[in-house]
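Data block below; observations after.
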Amino acid sequence: MIKENLQDIRNKISEACQRSGRDVSEITLIAVSKTFSPEKIREAHNAGILDIGESYVQEMTGKFNELKNETIRWHFVGPLQRNKVKYIVDFVHLIHSVENLRVCQEIEKRASRIDRDIDILVEVNTSGEPQKHGISPDELPKLFDEIGVFDHVHVRGLMTMAPFVDDPEDARPSFKLLKDLRKRLLDDGLPEIQVQHLSMGMSNDFEVAIEEGATMVRIGSSIFGERPH
C-alpha cells in the first residue's frame, strides 16, 4: 500500500510542477511518520523515501535508535521545547519548527558542545489563527537578525501550517504569504541568512503549496494511511 501511495503522490507532485513551470527535482517529499511503526518507515524507505518527519521528540529518538543503520534524513516538524533540544541535536537533519530566539539559543548551545552545524527553518503563523504555532510575519525580520549571529545554527528557509480547510484553494493565501515573506527577506539581502526552502503543504493541500513555491511538502496519512489512535 505504501509503495502505491507514494507513486500516486509523486505523480501529483509532477503534475503540480508541470502546472507551475517547475522541475520536480526542486521538491523534497517528507514522509511524516508520527504514530506509525518503524516497520512502516522501513517500508517507505525501501520504496525510495529518504526524508522522514516526526513531531514528538521521544518518538523520534526511539525510531532513530531502531533505524540508525538506515540512510534516513530525520526532520523534526512539531513544536520544539527548549528542554527537548538535547535529545535530537546530534542526529537531526533539519528542524522545521523554530519559532523563537530562546529555542535558537538552546540549539546553538547544544550544537556548539558537539561542534555540529544545525540547519533550521523558521515557522511562521501565516493564517493568524491563535491556536497555530509560529512567529507572526511582522516579527520575522527581527528574529532573523538575532539568529544571524550564531555560529552553529543556520537558517535555510521558512515553514508554515495552513488552515485545515475542506477546499485546498482556501489554503493558498497562507502559502502565498510565506512565499512573499521569503522574497522580502531575500530582497533585504542578509548575508548570514539563506531562505531557499519553503516547507509547506500536507496531504490535503500539497499540490496548491507546490504551485505557490513549496520546496518541501510534509505528507503523512496519504502515504501511511489513517493514523492509529
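Only the coordinates and a few stated rules stand behind these numbers; no lab work does. On a predicted model such as this, the values are computed, not experimentally measured, just so you know. Ideal geometry is used to build each Cβ from the backbone, glycine not excepted, and the neighbour counts take in all protein chains shown.
Size descriptors for segment 11-78: radius of gyration and Dmax over Cα atoms are 13.6, 40 Å. Quick one: if you stick a label point 7 Å off each Cα along the C-beta vector at I114 and E15, how many nm between them? Each label point is offset 7 Å from its Cα along the Cβ direction, giving 4.2 nm. Other residues with beta-carbon under 12 Å from the beta-carbon of T35 carry, at +1 per Lys or Arg and -1 per Asp or Glu, a net charge of +1. Among V217, V165, V103, the residue with the largest mean-square fluctuation in a Gaussian network model of the chain, with springs joining Cα atoms closer than 10 Å, is V165.
The calculated Kirkwood hydrodynamic radius for segment 124-172 is 12.5 Å, given to one decimal from all distinct C-alpha pairs. In this structure the amide hydrogen of G53, modeled in the peptide plane, comes within under 5 Å of the amide hydrogens of A31, V32, S33, H75, none closer than 5 places in sequence on its chain. Hey, what do the phi angles of segment 104-115 turn into as Karplus ³J(HN,Hα) couplings, whole Hz, using 6.51/-1.76/1.60 and θ = phi - 60°, x for Gly and Pro? Listing the rounded values in order: 4, 4, 5, 4, 4, 4, 5, 5, 5, 5, 10, 6 Hz. Close amide-amide hydrogen proximity is noted between G201 and A162, R218, each under 5 Å apart and 5 or more residues distant or on a separate chain (H modeled in the peptide plane; Pro and chain starts excluded).
Let me check against my output: what whole-number percent is the relative contact order of the chain, with C-alpha pairs under 8 Å and at least 6 apart?
This gives 21 percent for the chain.
Largest first and in whole Å, the equivalent-ellipsoid semi-axes of segment 40-170 read 24, 22, 12, each the square root of five times a Cα gyration tensor eigenvalue. Summarised in one figure, the compactness ratio Rg/Rh of segment 109-229, Cα atoms and Kirkwood Rh, is 1.01. Counting Cα-Cα pairs of the chain in 10 Å increments starting at 0 gives whole-percent bin shares of 8, 34, 38, 19, 2. Basic side chains Lys and Arg get +1 at the Cβ, acidic Asp and Glu get -1 at the Cβ, and with that the dipole of the chain about its Cα centre reaches some 560 debye. For the chain, the 222 nm mean residue ellipticity estimated from helices alone, with every DSSP H stretch of n ≥ 4 adding -39500 (n - 2.57) and the total spread over all residues, rounds to -11500 deg cm²/dmol.
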